1. Compute the distance in nm between two label points, each set 7 Å from the Cα along the Cα-to-Cβ direction, one at THR15 and one at ALA433.
2. What list of whole percents do you get for P(r) of segment 146-188, with Cα-Cα distances grouped in 5 Å bins up to the one holding the largest distance?
3. If each DSSP helix of 4+ residues adds -39,500 (n - 2.57) and the sum is divided by the residues in the chain, what number results at 222 nm, nearest 500 deg cm²/dmol?
4. With an 8 Å Cα cut-off and a minimum separation of 6 or more residues, compute the relative contact order for the chain in percent.
5. Could you give the length gained on full extension between VAL72 and THR159, defined as 0.36 nm per residue of separation minus the Cα-Cα distance, in nm?
6. Quick one: Cα centre-to-centre distance for segment 167-190 and segment 338-402, in angstrom?
7. Normalised radius of gyration for the chain, please: alpha carbon Rg relative to 2.2 N^0.38 Å, two decimal places.
8. Output the peptides 239-247, 108-116 sorted from most to least packed, where packing is the average of other Cβ atoms within 10 Å over each peptide's residues.
Amino acid sequence: MSPVLSGVLQLTALTAALALVYRPLGDYMAAVYSSPKHLRAEKVIYRCIGANADAQMRWPAYLRSVLAFSAVGVLFLYLLQRLQGGMPLSLGFASISPDQAFNTAASFVANTNWQSYNGEQAMGHVVQTAGLAVQNFVSAATGMAVAIALVRGFARSRTGDLGNFWADLVRGTVRVLVPIAVIGAVVLVACGAIQNFSGIHEVGQFMGGSQQTNGGAVASQEVIKELGTNGGGYFNANSAHPFENPDAFTNLFEIFLILVIPFALTRTFGKLVGNVKQGYAILATMGIIWLGFTALMMWTEFAHGGPALQAAGAAMEGKETRFGVGASSIFSVATTLTSTGAVDSFHSSFTAFGGGIQLLGMMLGEIAPGGVGSGLYGMLVMAVIAVFIAGLMVGRTPEYLGKKIGTRQIKLAACYILITPTLVLGFTAASMALPDALGSMLNTKALGAGSHGFSEVLYAFTSGANNNGSAFGGLNANTPWYNTTIGLAMLLGRFLPMVFVLALAGSLAEQQPVPETAGTLRTEKPLFAGLLVGTILIITGLTYFPALALGPLAEGLS
């Protein structure tokens, strides 16, 4: 079987699997977030944290709860790392330095999982399981809660109520993430992923000699790392490590985990607003972009010229032979079009245009299908902007799902889409102006501040501010400058957009729905899906094209 045919068949199987679970999972999540009943385990949690899960919250209260919970998470994870040296099961590892502990705490709480450390050489079992793995669950549940709050803003009228954050957080964790993660962990263990608390031991090598390796609760962390679109690996090699991702089947299974909830949430959206066709329109938009990017990436990597690459059959450098170009390309697009950041190949070794596709996927806002929760609310914000543009073209007050899009709504949506580019381009420009920051580039003497080196820095801040977490590679990010600035980019890129999303949700929930007329834009039709795709690509292109031209485009055309 040719590598191209193998890649196409894997993409077909993945699409079929996602289609198979789309409706039942989407309906189940809609029932979870609309149920008036609480499970017994949930009631125990509410009593422990002192929350009244039945109290309705307006958007300021909902936002305060999100920020307070996340702040406590950052502080707890920071202290856990700083105290690691005196903890049991630390495997003899020292406490983490202050700047790296801040960076890692900000990273995992912000659902980014950017790692400026080698997991198997820095983090003991307690930090990995009680700190990082726990944040993988609750940070994903926080994103889902904010998305559901925005959906309620469209569905409710004249109340301003968006539900209860604590109920949404607990339900998303207990009823959605934990059950799927348990099943997924069993699958990974059955396929060869490790799950233990062993210490460091010597392992013989085929070519002689030995190396040190350690075990860990890898399968349980691997599954939520993908399912929650987190991305942080137990080992430095991430999903290219055989302990995390043993074979071609687990590789495809992990891609499935990355995509399943973000795609299914469009069905949940349609059910909660009372019109599943609206969910299909959002799904179609996400699907068009995802399939288009995947096809373009596979073509770029398979067709790249050069004698060595042609002899290998494709651009295989930096890719696992267990997976090949096709599966590596599918994984790469899935992880950069979502806020996952897990990798099964070395992104810096992709062709120049392939690296550009990875960058562009994150620059879209990771909305196709995006992160767990963040993809849906990001796409709905873009839908609001698309409706506004359509209203300008026909001279009619824009409406979406029966809610008028006025001055306040469009200002909030505009602020949302401006935050991330400001962080990415601002921090990238500052880094390119500082000699110490430039010194972190790969082969600085040979490349200087050339196009590939610029792409490394641009990728790092794009990944951080978009809460992706993957690294282009070749950039030493474990410095006080990068640990601090990327940490700030992750926190601001995660929580500032939530401020505007929840404010938008509150303004929509206060409105009285307007009836449909003959002039109402039919947002469930293919025409709107096409308009939405065009809006996303145009806004992203106008924002980032100069930076892309200096980086991957310049490298690819040189």
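The values are calculated or read from the model by the stated rules, or taken from the named source; none is laboratory data. None of these values were measured; they are calculated from a predicted model. Here the Cβ positions follow ideal geometry from the backbone for every residue, glycine too, while neighbour counts run over all protein chains shown. SASA here: full protein model, heavy atoms, side chains in, ligands and nucleic acids out. Shrake-Rupley method; radii C 1.70, N 1.55, O 1.52, S 1.80 Å.
1. Taking the two extended label points, one gets 4.7 nm.
2. Here the calculated profile for segment 146-188 is 5, 20, 20, 17, 13, 11, 7, 4, 2, 0.
3. Computed mean residue ellipticity for the chain: -21000 deg cm²/dmol.
4. 20 percent
5. Working: separation 87, 0.36 × 87 = 31.32 nm, distance 2.99 nm.
Result for the pair: 28.3 nm of gain on full extension.
6. Their Cα centres are 26 Å away from one another.
7. This ratio for the chain stands at 0.93.
8. Most protected by this proxy first, the peptides run 108-116, 239-247.
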